[in-house]
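The values are calculated or read from the model by the stated rules, or taken from the named source; none is laboratory data. Bear in mind that the values here come from a model prediction, so they are computed numbers and not experimental data. With ideal geometry, Cβ positions are generated from the backbone for all residues, glycine too; neighbour counts draw on all protein chains shown.
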2 protein chains.
Amino acid sequence: MPYRPQLSQASRPATYPIRATDENGSEVLVEIAGEHPLTLYLDKREIVTLMTLGEAPEALVIGYLRNQRLVRRLEDILAVQVDWETGAAAVTTRHGVADLADRLGKRTVTTGCGQGTVFGDLMEEIGQLTLDDQARLSASTLYALLENLRHYATLYKRAGALHSCALCCGDQILYHVEDVGRHNAVDAIAGMMWLDGVEGADKIFYTTGRLTSEMVIKAAQMEIPFIVSRSGLTQMGYEIARKVGITLIGRAKGHHYLLFTGQHRFAK
Amino acid sequence: MPYRPQLSQASRPATYPIRATDENGSEVLVEIAGEHPLTLYLDKREIVTLMTLGEAPEALVIGYLRNQRLVRRLEDILAVQVDWETGAAAVTTRHGVADLADRLGKRTVTTGCGQGTVFGDLMEEIGQLTLDDQARLSASTLYALLENLRHYATLYKRAGALHSCALCCGDQILYHVEDVGRHNAVDAIAGMMWLDGVEGADKIFYTTGRLTSEMVIKAAQMEIPFIVSRSGLTQMGYEIARKVGITLIGRAKGHHYLLFTGQHRFAK
């Protein structure tokens with residue numbers, strides 16, 4: 001049984017009905033995605049305000065701390081208490097976070113439709129990551145996975161304005177998270193992986209969103225060798241994928257895809 | 001002749017060709033969008049690193065400072081020098097920025113697929129904004145504008161992974177900017193408006209992206225009464241639009257749209 005911090009269970013209703021007027025002048029009821037500010041306090045110190053759908057806030061907070069390298073092991077987290085009344089997520093650690101003030105001071109904020117990131121530090125770390133080179137993915141498994149993913153993303157179909165991410169193993173979907181921000185969705189998956197003791201080494205990371213630098217960095221940090229996206233990629237996402245040797249597949253829909261990097265893990 | 005700071009002219013090539021392999025095993029040449037880190041130094045103090053396409057970096061930097069309320073008037077900016085060799089944008093102000101250290105220290109970072117924002121301060125300010133209530137938009141003008149916009153976004157067609165924003169007056173497009181981040185595109189437009197002395201009061205802000213809280217806040221800050229998006233909206237984007245009384249139109253494509261708020265400015 002993997003270690004579990006004490007966690008609240010504070011997921012929010014995901015969509016809200018509002019009235020709008022369409023081009024015929026008719027009043028229509030539309031579902032829109034929730035978007036809520038959640039301010040993260042790490043041992044009572046304010047770290048960041050995340051704008052989130054609120055589907056899995058505890059996993060989001062844990063994954064954020066993991067991907068920002070503010071917490072190194074799940075065991076260092078004693079409790080995560082999310083309270084939507086105050087919009088606060090209070091994280092209690094076992095020993096505190098060493099040099100926290102110093103590390104927050106150095107923070108630079110990136111904006112590739114992105115989020116605040118300890119970017120300089122991450123880029124150094126990226127150079128030291130090694131991904132599993134034995135993992136393989138075939139075109140037929142990819143097609144089966146894309147077909148399975150079609151049955152998810154139900155919130156998106158109802159409300160739009162959302163990004164989906166999934167952690168997959170072969171054609172099976174282990175986690176599926178939707179959020180108003182791409183980065184929240186991947187952070188929530190990182191949190192779920194820690195909570196369940198799931199490793200990235202033989203997994204596939206799927207996203208509906210674009211493969212910008214930060215998305216590739218986050219998948220690489222989780223040691224996931226495959227990234228599959230329905231969308232395109234940016235130059236820096238491509239360069240980082242090449243550098244870490246990740247297998248990057250874009251424009252994946254139905255029986256179409258473009259294989260950009262890491263060809264050795266992919267069999268047509 | 002409106003005041004102009006001293007500006008570099010450092011726009012970058014927008015797309016790069018790379019090789020990929022498609023589902024038939026054929027090698028194809030694909031254009032991908034540039035994504036470059038640009039670190040903003042305000043009077044030699046590091047403020048933020050923006051990940052950008054680099055189409056209009058000087059306007060982006062000016063608009064970022066404007067929308068973050070770090071600079072109050074264009075005349076306070078003496079020079080913007082962008083140097084891609086070092087990835088630096090050096091901004092020199094006339095008098096320095098009062099209490100800069102204090103204001104940066106208070107920064108919270110929002111992530112609605114967003115960027116670092118002085119969010120608390122902005123929300124207070126939002127309550128004090130008033131938008132032009134005499135401005136009008138008709139369905140036929142909206143359709144003509146959407147048709148005109150179809151001829152833009154050429155980079156998107158080539159490379160994908162981009163968001164477009166435009167500032168429009170009636171069915172005419174005054175500025176059109178694409179970037180890897182929605183927020184960069186709107187910031188660049190804010191910068192262009194300052195540089196050309198263009199007011200927002202009778203304009204339409206168009207975006208391909210979703211109407212999250214920050215997009216609505218930024219349009220309202222520029223005092224633009226109309227927001228039109230090809231995509232959907234989030235609950236907080238909706239709430240803020242209602243609060244400031246902005247006219248919000250989503251899912252606008254061809255002869256379709258959904259009118260969400262500010263109905264009094266819109267005539268079918």
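Overview of values
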| read-out | value |
| --- | --- |
| Any chance A:A188 is within 14 Å of chain B (Cβ to nearest Cβ), touching a residue at least 24 places away in the same chain (Cβ under 8 Å) and not in a strand (DSSP E or B) | yes |
| B:G200 surrounded by fewer than 24 Cβ atoms within 10 Å (Cβ to Cβ), within 11 Å of another protein chain (Cβ to nearest Cβ) and within 27 Å of B:S11 (Cα to Cα) | no |
| Complete set of residues in the stretch B:1-45 that are at positive phi and touching a residue at least 40 places away in the same chain (Cβ under 8 Å) | B:D43, B:K44 |
| Of residues in the stretch B:226-268 being part of a strand (DSSP E or B) and hydroxyl-bearing (S, T, Y), the one nearest to A:R19 (Cα to Cα) | B:T261 |
| Test for B:E239: is it out of contact with any helix residue (DSSP H, G or I) (no Cβ under 6 Å at 6 or more places or on another chain), under 28 Å from B:R72 (Cβ atoms) and more than 14 Å from every other protein chain (Cβ to nearest Cβ) | no |
| So A:V216, is it touching a helix residue (DSSP H, G or I) at 6+ places or on another chain (Cβ under 9 Å), modelled with pLDDT under 95, more than 9 Å from chain B (Cβ to nearest Cβ) and surrounded by 24 or more Cβ atoms within 10 Å (Cβ to Cβ) | yes |
| When residues of the stretch A:140-161 are limited to those that are aliphatic (A, V, I, L, M) and modelled with pLDDT under 90, the one surrounded by the most Cβ atoms within 10 Å (Cβ to Cβ) | A:A161 |
| Residues within the stretch B:87-123 that are of a type in the set (D, E) and modelled with pLDDT of 70 or more, tallied | 1 |
| Test result for B:Q172, closer than 22 Å to B:V71 by Cα and either surrounded by fewer than 20 Cβ atoms within 10 Å (Cβ to Cβ) or away from chain A (no Cβ under 12 Å) (or both) | no |
